[in-house]
1. Across the range 94-117, what is the number of residues that are in a helix (DSSP H, G or I) and of a type in the set (S, T, N, Q)?
2. Return the residue satisfying two criteria in turn: it lies in the range 320-360 and is within 24 Å of the chain's Cα centre (by Cα) and without any contact (Cβ under 8 Å) to a residue 40 or more places away in the chain, and of such residues it is nearest to S380 (Cα to Cα).
3. Does N8 meet the test of being touching a strand residue (DSSP E or B) at 6+ places or on another chain (Cβ under 8 Å) and within 16 Å of the ligand (Cβ to nearest atom)?
4. Is it the case, given these coordinates, that A312 is within 30 Å of P94 (Cβ to Cβ), out of contact with any Asp or Glu (no Cβ under 8 Å at 6 or more places or on another chain), modelled with pLDDT under 95 and assigned to a helix (DSSP H, G or I)?
5. So, in the range 122-135, of the ones that are hydrophobic (A, V, I, L, M, F, W, C) and free of Cβ contacts under 8 Å to residues at least 60 places away in the same chain, which residue ends up surrounded by the most Cβ atoms within 10 Å (Cβ to Cβ)?
6. Which ones in the range 351-374 are within 8 Å of the ligand (Cβ to nearest atom) and part of a helix (DSSP H, G or I)?
7. Name the residues in the range 263-309 that are away from the ligand (no atom under 15 Å from the Cβ) and within 24 Å of W93 (Cβ to Cβ), would you?
8. Tally up the residues in the range 205-240 that are away from the ligand (no atom under 16 Å from the Cβ) and not in a loop (DSSP other than H, G, I, E, B), please.
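The values are calculated or read from the model by the stated rules, or taken from the named source; none is laboratory data. None of the values given here were measured: they were computed from a predicted structure. Methodologically, a virtual Cβ is constructed for each residue, glycine included, from the backbone with ideal geometry; neighbour enumeration extends over all protein chains shown.
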Amino acid sequence: MAVIVLSNREPYAPRTGPDGRVHWAASIGGLTTALDPVMQREGGTWIAWAETHPEIRTVHLPEAQPRYRVERLALSEDDVRLSYHGFCNGALWPMSHYFLERAQYRREEWDAYRRVNETFAQAALACAKDGDVFWVHDYQLALVPGLIRRARPDARIGFFWHIPWPAQDVFRTLPWDRELLDGLLGADLIGMHTPAYTRHFLEACTRTLGAETDVGTVRIGARTVQVEARPIGIDMATFEALAADPVTVDRAQRLRDNLRTLMLLCVDRLDYTKGIPERLAAFSSFLERHPAARGRVTLVQVAVPSREQAPAYRQLRTQVEGLVGRINGQFSRDGWTPVHYLYRGLDREELVAHYRAADAMLVTPLRDGLNLVAKEFAASSQDGVLLLSRFAGAADELPGAIEVNPYDVDGLSSTLIRALRMPLEEKKIRLEQMRQALRQRDLRAWTADFLRDLAGTAALPGALLGL
Ligand code: ADQ
């Protein structure tokens with residue numbers, strides 16, 4: 001028995017090095033972090049879109065010590081434009097995050113989405129052996145479970161939906177609501193990040209499909225589909241060890257020394273759901289209202305480039321850079337620049353050094369399926385405060401954070417004062433509270449539990465169960 005993972009994004013992306021050879025670099029993001037270790041331990045196949053170098057079809061990874069196979073799917077330019085940029089990022093993503101004014105529903109894009117899902121399902125079926133378990137990820141591949149089920153009625157299929165599942169009145173704006181639900185319900189086990197998302201999903205099954213549902217289950221003919229809240233964890237041991245490493249401690253100290261002020265940290269993909277302009281407006285209002293903070297607090301915004309081809313994302317970048325320029329133009333003074341803006345990803349070591357250096361971490365999405373950054377900060381910081389949006393799924397699990405409403409610019413600015421004045425003892429208690437919760441829901445347990453419940457304990461080797 002082996003695991004076949006399907007995701008839009010590949011775990012390692014090809015980069016042409018100075019020597020002209022292709023090297024494989026781990027992709028930034030939660031999915032690679034979550035599943036690469038288990039695939040490295042157990043082997044198996046990962047099926048993903050070959051965004052670049054489509055001529056390379058099969059590769060064994062990681063490069064240094066190959067442990068599993070990646071089947072790379074070349075998609076046509078039209079399918080990428082219509083399905084990925086169109087239906088996925090222009091319809092499903094905004095709709096699921098409650099940005100209905102940005103959602104565009106186009107028949108041609110839906111047709112391409114179906115074609116791409118068909119391509120993934122065919123690739124999985126072509127390499128599956130009896131007893132293999134399929135684990136499909138995220139909104140780009142919602143139809144895949146149904147397509148695999150049709151060809152293999154007895155297959156074990158799991159699905160994880162990584163973004164919010166919105167309230168029914170939002171979901172039913174989608175012209176293909178039935179088809180999307182039918183596709184997902186091909187799975188045996190559907191995981192989401194919060195109980196609210198699973199409730200919304202069950203309501204959609206009842207109201208859109210007329211299906212019979214109970215707590216955490218949907219009946220579809222003779223089959224029962226489990227629908228559960230299983231928030232993804234982080235690799236606690238790695239984060240804690242990295243945060244305690246003297247090299248990181250030293251790096252964090254250097255970051256603090258260079259700033260010579262208190263540090264507010266923000267780390268996001270540059271996406272309109274993450275609330276970056278609203279947060280910058282709150283920081284500006286904070287500086288306006290508290291002149292004493294000028295020269296004593298710096299906001300460091302690290303933004304990873306994302307979906308740069310899409311006009312909405314290019315506009316957001318321009319907007320954010322304009323706001324950063326405006327705040328710096330208005331408030332900078334000798335030797336102090338209020339906002340430091342980095343438009344790039346950080347490697348893991350740099351990232352953890354930033355988490356350690358920060359006096360407060362601002363995670364203020366307008367809507368977020370979960371938000372791993374909040375968890376990573378809680379695992380790494382020794383004396384910082386986490387400000388966390390009530391609209392991030394992770395807020396359910398991190399009671400030690402200070403809850404903020406990202407739409408309330410004045411409120412956010414007052415909360416900043418509270419965070420920066422918090423006594424060290426309280427900060428430590430809050431961090432420890434969060435770390436305890438995170439240890440109980442570690443990434444390894446998340447993966448192992450999902451696979452165990454999907455496959456049934458008897459069929460799985462011990463290592464896969466985290467034993
Ligand atoms: P994302 O929207 O990408 O994920 P998030 O959960 O924050 O958001 O994960 C981002 C990952 O990328 C984190 O592991 C973080 O460390 C890393 N990252 C972010 N900015 C970075 C930077 N500047 N440099 C380096 N690394 C950076 C989607 C959903 C989320 C859900 C995850 C996992 O939108 O809600 O939590 O999937 O399910």
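1. Matching residues across the range 94-117 total 2.
2. Taking the candidates together, the pick is D347.
3. yes
4. Against the criterion (within 30 Å of P94 (Cβ to Cβ), out of contact with any Asp or Glu (no Cβ under 8 Å at 6 or more places or on another chain), modelled with pLDDT under 95 and assigned to a helix (DSSP H, G or I)), A312 qualifies.
5. L125
6. L351, L372, V373, A374
7. P277, E278, L280, A281, Q309
8. 17
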